[in-house]
1. Can you give the helix-only mean residue ellipticity at 222 nm for the chain, where every DSSP H stretch with n ≥ 4 adds -39500 (n - 2.57) and the sum goes over all residues, rounded to the nearest 500 deg cm²/dmol?
2. Using the Cα centre as the reference, give the magnitude of the dipole from point charges on the C-beta atoms of the chain (Lys, Arg: +1; Asp, Glu: -1; all else neutral), rounded to the nearest 20 debye.
3. I'd like the Karplus ³J(HN,Hα) series for segment 506-523: coefficients 6.51, -1.76, 1.60, θ = phi - 60°, whole numbers in Hz, and an x wherever there's a Gly or Pro.
4. Ranked from highest to lowest mean number of other Cβ atoms within 10 Å per residue, what is the order of the peptides 682-692, 142-152?
5. Using θ = phi - 60° and the Karplus curve 6.51 cos²θ - 1.76 cosθ + 1.60, what whole-Hz ³J(HN,Hα) does each residue of segment 700-705 get, with Gly and Pro shown as x?
6. Mind checking which aspartates and glutamates have their Cα closer than 12 Å to the Cα of LYS689? Skip sequence neighbours fewer than 8 apart in that chain.
7. Skipping prolines and chain starts, which residues have an amide H placed within reach, meaning under 5 Å, of the one on ILE748, given they are 5 or more residues away or on another chain?
8. ARG440 to GLU493: extension gain in nm, 0.36 nm per residue of separation minus the Cα-Cα distance?
Amino acid sequence: MAEIVITIDGPAGVGKTTVAKILAKKLGFKYFDTGAMYRALALAAQEKGITAEQTALLQKLAGELPLTFNQKENTFKVFLNDRDISELIRHPQIGMLASTISQIKEVREVFWEKQRKLAKEAQRAIFEGRDMGSIVFPDAPVKFFLTASSEIRAKRRLKQLKGLGKDVSYKEIYSSILQRDKQDSKRVIAPMQPAQDAIIIDTSNLGIENVVNLMYKHISNKLEDLGMDNREEKTDENSHSLEKDETQTLTTLYNESVKNLQPGEILEGKIVCIMKDHVMVDVGFKSEGAIPLAEFKDRKGNVSVEEGDNVEVLFEGVNERDGNISLSRKKALQILTWEKIAKLYEKGAPIRGEITARVKGGFTVDIGIPAFLPGSQVDIKPVRDYDSFVGKSYSFKIINYNPQLHNVILSRRQFLEEERERLKKQTLSKLKEGDVVYGRVKSITDYGVFIDLGGIDGLLHITDISWGRIGHPADRFEFGDEVKVKVLKFDREKEKIALGMKQLTPDPWENISQKYPVGAHIKGRVTNLTDYGAFVEIEEGVEGLIHISEMCWSKHLKHPSEILSVGDIVETVVLDIDKKKRRLSLGIKQINPDPWEIVMEKYPVGSIIEGKIKSLTNFGIFVEVVPGLDGLVHISDISWTKRVRHPRELYKKGDKIKVKVLEINKDSGKIALGIKQLMPDPWAEVSEKFPVGSVITGKITHITDFGLFVKVDEDIEGLVHISEVSYEKVKNLEERFKVGEEIRVKVIKINPEERKLGLSIKQLEEEEEKAHWRKYLSGNRKIKLGDLVKTKQNNA
């Protein structure tokens, strides 16, 4: 006997347990409530003090859990260590803990294995619980996914627990269901979602009897299609005893709304007049039929027809009192749409529709009638912005439909997957290495771009985008861009495709030496600046480096940014080519002749030249010798005699001055110039002109705390130290002397090397005083003491 497993999945409170028990009895199958296993584990863990964080202990407990099931008539009991825990595990707190524990992969894997073992032992069974159809029994012949609104599920669970004598509130149950749904839908391990081939049934407005009958019909048809033997249906009047208010179904509601369609016939008519509230349609009867204008308006309120248009309408009958015919455009469209749905579903063909609104769990889609699109079926890839789909038209596959329940479930994801698979087969059948194909950018990463070639993606690696430098693929591409690429490698077995874009054009380095020979002058754009140089793009894929040492003949640059900026177009000279390493060395300074050769030939050491002052520093003056090459007049070479604190005391930028070439050193890149060397050194003649002991007259130029500076000749100054001013102690020189005053001094010391000339007033006065004494002593007359004193006072 072949093993038959029927799975019933869905969130809490949709009636899975109730309908599963009834179906099991009708079919003679064994029934298993797999959710009870997790609830039983939650109860056992709570009693043992094991928390949800203790994964290893929970896994071990799940494997050793002494759990048994007892199924009799309409009851299903769960025993833990022979203790009936059927009621205990239905408490909301246990339900929340069970939902948390069920997220643990190791626990689920233990229970999945146990569930598969139970199925083999039972042979024919109904497994009710989450993940049954999508994970545990993916090959089950019949899979159901029941759903219902949160409010309805809360009311059902409240009624169930109240019937068991539990003191719980609706608010508590409703909150528990919302929280558990959130946990189950977002859990990493097996999130709650229907299997792709599951039959989805919304039980919100269906009674249990209707749900059971609908499911039983699906089961019977499916097993018959698969050629599986089904046991005799067991009948039990009491097993279907349901409350009257629960038997009201969407089927009944729909039949009541459209019951007049059954005897009707769809006719083609012509619009003869569009009035304020009605549209008159001629269908060939003695009188026209009046149809409300609202039936011809679209969702935006616009009238979608014009007078003279042919339309299909439903003939509902004739009014016996006035003989007018009753027509309906809306009902005709509904019937035609259902017929269209049936045909497309049978063929497996897609249907076009517009997503009109977001609803709980998905979207409403207008396909002529409202249809439901689950949120999980809107796209292949994960969706971040669900609202972006509203108001747009797409193609969908019809997953399931039921005219009686007025229920149509669509899947755009399935359509995309099938379309992708079709394109994939088509692409793979003709794709080969070397092909040049077109595709669209699907995603962009740091390492490349994934291109959709038609049902299958290829990788355009960042190194195969361009022969040149690429910062990031996003700099070159945007999502959805159409691109032309070449197939570089194609692994048909692994379905991996390597693509290239730069390979569509010749490698620019192939004939680089012919295009840009050494010595050639070429222009390029500066793309990047570094401490050691500037990168210049000559053409796409060809980039050269101007080393910082090749930028200027004379100026020692600290950084290329001193003369270049990114984006500059510069003229360069090719210095060297390394084709193997794809390196191109460039230079800027080589554009002009080497100024050092010009200087050494035209201005040898000793030459006198005239140049413009380029800059002034605290250590000297830079003077342009030739364009691009400057020389330095050190501050010590400005004057033989003047003490220059800063060159700007005597010169300013832009001045033209004459200088003498003192030294040229190409290796160090320096040219030494001098100004004072243009004339003889005046100190060379000082010893002869002003010998020690000579008396000279000079003018005071500076008065300091330590002495007087006295100008004795052009560019020659001497110092009268304060100790050489007088034999008497002098506290303040400015009280006795003034700048500009002429005084007589005696030369007492000369040092030409150090540019020092020592002068003395004191020694001159002493010498003159001695001479005066000699004069008196040489006379014949008597010298009186009073005269001597008077003479000394006069000399003081």
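Computed from the coordinates by the stated procedures, all read-outs in this text should not be read as laboratory data. Worth saying up front: this structure is predicted, and the values here are computed from it rather than measured. All Cβ positions, glycine included, derive from the backbone under ideal geometry; neighbour counts span all protein chains shown.
1. Using -39500 (n - 2.57) per qualifying helix, the result is -8000 deg cm²/dmol.
2. Computed about the Cα centre, the dipole is about 2380 debye.
3. Each residue of segment 506-523 in turn: x, 5, x, 7, 4, 10, 4, 5, 6, 6, 10, x, 4, x, 6, 8, 9, 9 Hz.
4. 142-152, 682-692
5. In residue order, the calculated couplings are 5, 9, 9, 10, 10, 5 Hz.
6. Within the straight-line cut-off, LYS689 pairs with ASP713.
7. GLY693, GLY758, LEU759, SER760
8. Using 0.36 nm per residue and subtracting the Cα-Cα distance, I get 16.8 nm.
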